[in-house]
Every structure is written in C-alpha cells, then in structure tokens.
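What follows is one structure encoded as structure tokens, with my remarks underneath.
FYI, it's all coordinate maths here, none of it is from the lab. It should be emphasised that the depicted structure is a prediction, and the values quoted were computed from it without experimental measurement. Here the Cβ positions follow ideal geometry from the backbone for every residue, glycine too, while neighbour counts run over all protein chains shown.
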Amino acid sequence: MRYSLLADAYQKIEATTKRLEMTDHLVDLLKKTPPEIIDKVVYLTQGKLYPDFTGIEIGVAEKLAMRAVAKATGRSEKAIHEELGKTGDLGGTTQKFLKSKLQVQLSHELLTVEMVFDTLDKMAKSTGAGSMEQKISYLAGLLANASPKEAKYIVRTVTGALRLGIADMTVLDALAIAYGGGKEAREPLERAYNISSDLGRVAKTVVEKGLESVKKFQVSIGEPVRPMLAERLGSPEEILEKLGGKCVAEFKYDGERIQAHKKGNKVILFSRRLENITEQYPDAAELFRKYTKAKDAIIEAEVVAINSDTGEMKPFQELMHRRRKYGIQKAIEDYPVSLFIFDALYADEKDLTLKPYPIRHKALERIIQPSEHVRVAENLIVKNLEELERFFEKAVENGCEGLICKSINPDSVYQAGARGWLWIKYKRDYKSEMTDTIDLVVVGAFHGRGKRGGTYGALLLAAYNPEEDTFETVTKCGTGFTDKDLAKLPKMMKKHETLHKSSRVNSTLEADVWFEPKVVIEVIGAEITLSPIHTCAMDAIRKGSGLAIRFPRFTGNFRLDKAAEDATNTKEIARMYKGQLKKVIEQ
C-alpha cells in the first residue's frame with residue numbers, strides 16, 4: 001500500500017473540523033487498507049508504532065529531526081530553524097523545503113506503508129553508541145524518497161506531533177462502520193479495546209476474523225486494562241441514593257494509581273495512562289511479587305509515598321519525585337512507598353472484570369498477604385448517612401483525600417475505560433465554595449504582554465464531555481505560574497500546536513494559539529459561575545449559559561499521570577456548581 005494514500009487521508013482529516021467528515025475520511029482509508037497491514041495503519045494514525053504499554057517509542061527530538069530534514073532537503077539547519085520559528089510546525093517546514101529542494105535526486109523509490117513503518121521501527125529500536133546518527137540516516141533516507149506531502153506527515157509522526165485531532169473513539173467508530181456493519185458494532189469493539197488497550201490488534205481481528213472473534217477478547221497478563229473511573233457527587237445523601245441505599249466506602253489515597261500484572265515471579269506495573277513504569281517503582285514491583293499469593297494476577301492499587309520516620313502518608317507531589325529515569329535508588333531511599341490495593345481484575349486464569357464488586361473484593365482479600373507496606377485499601381459497608389460521614393472523617397484523619405463509594409449491587413462490574421455511577425468520589429470540599437482542585441485540559445493560549453512578552457499570558461482550559469468526546473472551555477488561567485513555568489510552557493506545548501481549533505474543542509473564544517487536547521493541569525478557583533462565553537455544560541443549568549471557573553489559579557501541578565480524557569468532566573463541574581448554589585441558599 002502506498003504511503004501517499006495515508007498522507008492524502010491525513011490531509012483531508014486535518015483540513016476539516018467536522019467529526020463526521022473525519023470519520024468518513026477514516027472509513028475510506030481503512031477500506032483501502034490491505035488486511036495484513038490494517039494494524040500498522042491504525043497505529044500510524046494514532047501517531048505511534050505499537051500500543052503505549054510496550055514502551056516502544058520512535059524517540060526523535062525536534063532538533064535531531066531538523067538535522068535529517070537538512071540532509072534530505074539540502075538546506076542549512078539555520079534556515080530550517082528560522083522557518084520553524086515562523087510556522088511552529090517542522091512537518092510543514094519540511095514540506096515547504098522539499099517543494100523547492102536544492103539537491104536533485106536522479107531517482108527515488110515509491111514509499112509504501114510497510115517501508116515507512118519498518119524504517120520507523122528500526123529507528124525506535126536503534127540504541128547504544130551511534131544510534132542517534134543512525135536514526136538521522138534512516139529518517140533522511142525516508143525523506144529523500146518522500147513527496148513533500150508524505151514528508152510532512154513522516155516528520156510529524158517521528159516527532160510525536162501528528163496533529164490530526166483523531167481520538168481513539170473515532171477510530172473505533174470508523175472500524176465499526178467499515179468492518180462491523182455499522183455504528184452498532186462499536187460496543188464490542190470498544191470492550192475489546194478497553195480490556196486489551198491495543199487498537200491495532202482490535203482492528204486486525206475484526207478485519208481478518210470478524211466481529212464474533214472480537215467478542216471473544218479476554219483480559220490478558222501483560223496487556224493493561226483501561227482503568228475504570230469514578231463520577232463525583234457533593235453530598236452523602238446523593239451518593240447513597242444513587243447507589244441504592246448502601247455501598248462500600250473506601251479510602252481515597254493521595255497517590256498514583258497503578259495496575260500490576262503478575263505472571264509467576266515477573267511483575268509489570270502500568271500507570272493509569274497505560275505506560276510501563278516498572279523501572280521507576282522497582283520496590284513496588286517487589287512488594288507485589290512478594291505479597292500476591294496468586295501465581296497470575298492483575299490487581300489495582302494506589303502507590304503512596306510514606307514518611308519512613310513516622311509512617312505517615314506524603315502528598316502526591318512528593319511521590320512524583322519517583323517518576324524519573326535516573327537516580328532511582330536514591331529516590332527509593334528518599335521517597336519509600338506503600339501499596340493500598342483496591343481491586344482484582346484477574347486471578348489464576350479467571351477474568352474478574354465482569355464479576356460484581358463483592359466477588360472481586362473477596363478474590364482480592366484471598367490473594368493478598370497483608371504486610372507493613374502492603375494492605376487492602378481500608379473500606380467499610382455503609383448503610384446510612386451517619387456511617388458514611390463517620391468513615392469519611394476517619395479517612396481525612398488518616399491523610400486521605402476522601403472516599404470512593406462503590407456499588408455492591410449485582411451489576412457492579414468493572415467498567416473498563418468508562419466513567420460511571422458504580423464508583424463515586426466524595427470529598428468534603430464539594431459541599432461549599434470551590435476549595436477543591438480540578439484537572440483541566442490546555443486547549444489554547446493567549447500571547448503575553450509586558451513581562452510575559454514572548455510567552456503565554458494565559459491558557460484556555462477545558463473540561464471533558466465524555467458523551468460527545470469533546471472538550472468544553474471553562475476558564476482562562478494566567479495566575480499561579482512561576483517564571484520557570486512560563487519559560488517552559490511554549491516549548492512544552494509546541495508539539496501540540498495546531499493550525500486551527502481542534503474538532504474536539506468546543507469554544508466561542510478565539511485563542512491566539514490552538515493545541516490538541518493533550519496536556520492536563522491542576523487548577524483551583526474561587527467559585528463556579530454561569531457564563532455566556534464558556535461552553536462547559538452549556539444549557540445544563542440555564543438556557544444559553546455555560547459554566548466558568550472564577551479567579552482560577554494554577555496549583556503548580558502538571559498532571560503528567562493523566563490523559564486528557566481523564567480530566568474533570570463537564571457533568572462533575574455542573575454538579576459542583578449546583579452543590580455550591582445549594583450551600584449559598586441554605587446560608
């Protein structure tokens with residue numbers, strides 16, 4: 001299959017902001033793709049070569065790619081750098097320079113998808129002495145044979161900035177239409193993706209073996225299950241009513257969520273973003289290995305930083321010192337951890353994800369051997385408000401954020417990759433003013449003035465709407481950023497810049513710079529108000545009004561552990577507003 005077909009499709013997708021049109025273009029591309037390489041086309045369209053959990057990345061920084069572009073186009077690195085400064089898009093810069101290439105090549109080889117994929121694969125797996133030069137050589141070779149349009153998307157792919165605006169759910173829609181008989185096939189495809197986290201394998205299975213084979217997907221050791229997420233409510237009355245009058249209340253620890261896969265004596269740890277973080281937490285991996293009695297298991301836990309002198313839990317920010325590539329041993333000594341285990345998804349060849357919570361929890365208690373640093377998360381079955389409030393106070397006294405209240409009804413299965421009412425977060429702060437932090441997605445920026453000239457004056461932030469798979473603006477934030485934050489923001493956000501507003505962003509404001517919704521930051525504000533400008537929860541409270549965060553302030557916490565889809569959602573903000581309003585009326 002010629003790579004030019006991908007480039008043509010990518011150009012069409014990038015040119016539209018309409019999601020239905022994007023899906024149509026993607027359906028056309030998938031139908032043209034030979035079955036034997038459908039997985040490769042899906043991965044490339046995701047901007048990767050393999051699922052995230054494999055840890056295989058192309059690993060080409062922009063500066064390195066510029067050297068390959070210079071080699072392929074005959075232009076100087078200085079000229080490329082100057083043009084890049086104007087456009088902010090190395091792919092577009094490459095396309096422009098290849099159109100007026102100084103070096104004339106007598107003959108060139110037509111690029112195929114297989115050729116591009118295999119070359120990028122060699123680049124990703126090139127390590128050791130001389131690997132950087134080898135990567136430049138591989139990339140320059142591809143670009144020398146590429147048309148200007150092909151080169152644009154190859155460079156964007158290797159630098160991790162494809163900028164198509166396509167979400168995984170859009171790919172699932174396209175697969176359902178192209179090979180499942182229609183959008184009604186989306187559900188089994190999504191289930192398969194949620195328990196395998198491998199969109200390429202899902203695509204290859206439905207194309208080669210049909211939808212029935214997709215329905216047979218099983219939870220498997222080594223393939224992380226996309227995590228189940230919780231909704232939020234502001235009062236214990238609402239929580240108990242929603243969960244049928246009784247529930248399990250569980251401590252909500254201020255740590256990092258980890259999914260541990262154990263097979264014999266081998267343990268792999270995945271973050272909530274499905275990245276393999278075993279090397280960053282070797283002590284946690286050893287704790288799982290030693291205190292999990294099941295031979296094979298997939299279990300979820302919060303890993304929490306502990307004060308080795310007092311045994312008290314440290315805040316999440318302290319734990320983030322563990323997320324590093326070097327100096328791991330020193331970090332282990334400075335920031336020791338404990339595990340608080342809260343769910344079992346698989347144990348000794350049994351898939352537990354479709355079992356109710358009580359059955360999963362019994363399995364968890366059976367396979368975990370408690371120790372000083374490994375415990376099942378503290379929990380209690382509560383049947384009334386007094387029990388729930390008392391247990392909440394105990395959680396706070398123990399240094400927790402609050403509670404996760406979980407359904408114990410027969411339908412309380414593990415909803416992989418979904419946010420639903422089977423799990424509900426409860427924090428005291430939701431009852432009154434906005435004293436609780438929320439996680440918002442950076443979708444745009446406004447140029448700074450005066451002291452902030454040359455950087456951003458404010459960021460346009462959005463909440464996630466899971467029903468529409470869109471991001472709705474909720475505030476502009478320019479407070480709380482240190483000089484260091486301001487200096488690094490343009491560089492940090494550069495690879496996410498887009499020429500126009502993403503089709504997934506719902507905004508009435510016109511930002512100076514638009515971004516793909518990728519980066520999540522933590523924000524706190526004074527209150528939530530009605531807004532005729534912002535689109536968050538538009539019409540949910542009052543016709544023609546959305547919701548906005550008033551006087552927002554960046555807390556200093558870049559939520560690198562969260563994907564954009566894990567950010568605070570629009571319904572949560574609407575409920576927080578209603579809870580706040582109720583409190584004001586009562587006073």
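Computed on the stretch 438-586, with alpha-carbon pairs under 8 angstrom and 6+ residues apart, the relative contact order is 28 percent. Could you compute the FRET efficiency for His321 and Glu387, with r as their C-beta to C-beta distance and R0 at 41 Å, rounded to 0.05? With a Förster radius of 41 Å, E is 0.65.
Using C-alpha pairs under 8 Å with a sequence gap of at least 6, the mean separation divided by the residue count of the stretch 423-512 gives a relative contact order of 24 percent.
Of the GluC sites (Glu not before Pro) found in the stretch 450-480, the ones in coil according to DSSP and having at most 16 other Cβ atoms within 10 Å of their Cβ are Glu467, Glu468. A straight Cα-to-Cα reach below 17 Å connects Lys543 with the aspartates and glutamates Glu472, residues fewer than 8 places away in its own chain not being considered. Taking amide H positions as modeled 1.01 Å from N, with prolines and chain starts lacking one, the residues under 5 Å from Thr498 and 5 or more places away or on another chain are Trp514, Phe515, Glu516. Across the options Ile239, Leu422, Gly402, the greatest Cα extent toward the positive end of the charge dipole of the stretch 229-431 (unit charges at beta carbon of Lys, Arg, Asp, Glu) belongs to Leu422. Rounded if a/c is under 1.5, else prolate if a/b beats b/c, else oblate: with a ≥ b ≥ c from the C-alpha gyration tensor eigenvalues square-rooted, which is the stretch 438-586? Prolate is the answer for the stretch 438-586, as a/c is 1.5 or above and a/b outweighs b/c.
Between Ile332 and Trp421, the FRET efficiency from the beta-carbon distance, with R0 = 41 Å, is close to 0.60. For Asn506, the residues whose modelled amide H falls within less than 5 Å of its own, excluding neighbours fewer than 5 places apart on the same chain, are Phe471, Glu472, Thr473. Taking amide hydrogens as placed 1.01 Å from N in the peptide plane, the amide H of His447 sits under 5 Å from those of Gly457, Asp512, each at least 5 positions away in sequence or on another chain.
If only the Cβ of Lys and Arg carry +1 and only the Cβ of Asp and Glu carry -1, the dipole of the stretch 1-92 around its Cα centre is close to 220 debye. Fewest neighbouring Cβ atoms within 10 Å first, the residues Glu318, Glu302, Glu109, Glu565 line up as Glu109, Glu318, Glu565, Glu302. In the structure shown, the pairs Lys125/Lys152; Lys12/Lys135; Lys71/Lys135; Lys183/Lys355 are assessed against 20 Å; a Cα-Cα span above that value is assigned to Lys125/Lys152; Lys12/Lys135; Lys183/Lys355. Counting neighbouring Cβ atoms within 10 Å and putting the fewest first, the residues Ser147, Ser531, Ser100 line up as Ser100, Ser147, Ser531. Among the listed pairs Lys325/Lys488; Lys427/Lys562; Lys425/Lys494, those with a Cα-Cα distance over 25 Å are Lys425/Lys494. Taken about its Cα centre, the chain carries a charge dipole of roughly 1220 debye when the Cβ of each Lys and Arg holds +1 and the Cβ of each Asp and Glu holds -1. Within a straight-line Cα-Cα reach of under 26 Å, Lys350 can be paired with the following lysines, leaving aside sequence neighbours fewer than 8 residues apart in one chain: Lys204, Lys209, Lys215, Lys216, Lys262, Lys263, Lys266, Lys290, Lys293, Lys295, Lys362, Lys406. Sequentially through the stretch 409-416, phi angles give Karplus couplings (6.51, -1.76, 1.60; θ = phi - 60°) of 6, x, 8, 7, 6, 8, 8, 4 Hz, Gly and Pro residues having no value and appearing as x. For the stretch 269-281, 3J(HN,Hα) computed residue by residue from phi via the Karplus equation (6.51, -1.76, 1.60; θ = phi - 60°) reads 10, 10, 7, 5, 8, 6, 8, 6, 10, 4, 5, 7, 10 Hz, glycine and proline entered as x. By the count of neighbouring beta-carbon atoms within 10 Å, fewest first, Asp411, Asp118 end up ordered Asp411, Asp118.
Highest average first, the peptides 193-199, 87-93 ordered by how many other beta carbon atoms sit within 10 Å of their residues are 193-199, 87-93. Per-residue 3J(HN,Hα) values for the stretch 129-142, derived from phi via the Karplus relation 6.51 cos²θ - 1.76 cosθ + 1.60 with θ = phi - 60°, read 4, x, 5, 5, 5, 5, 5, 4, 5, 4, 5, 4, x, 4 Hz in sequence order (x marks Gly and Pro). Does the stretch 15-61 classify as rounded, prolate or oblate by the C-alpha gyration tensor (a ≥ b ≥ c root eigenvalues; a/c under 1.5 gives rounded; else a/b over b/c gives prolate, otherwise oblate)? Taking the square roots of the gyration eigenvalues as a ≥ b ≥ c, the stretch 15-61 is oblate.
Each Lys and Arg Cβ is given +1 and each Asp and Glu Cβ -1; about its Cα centre, the stretch 438-586 then shows a dipole of about 480 debye.
Once label points are set 7 Å from the Cα along Cα→Cβ at both Ala15 and Thr508, what is their separation, rounded to one decimal in nm? The two pseudo-label positions are separated by 3.1 nm.
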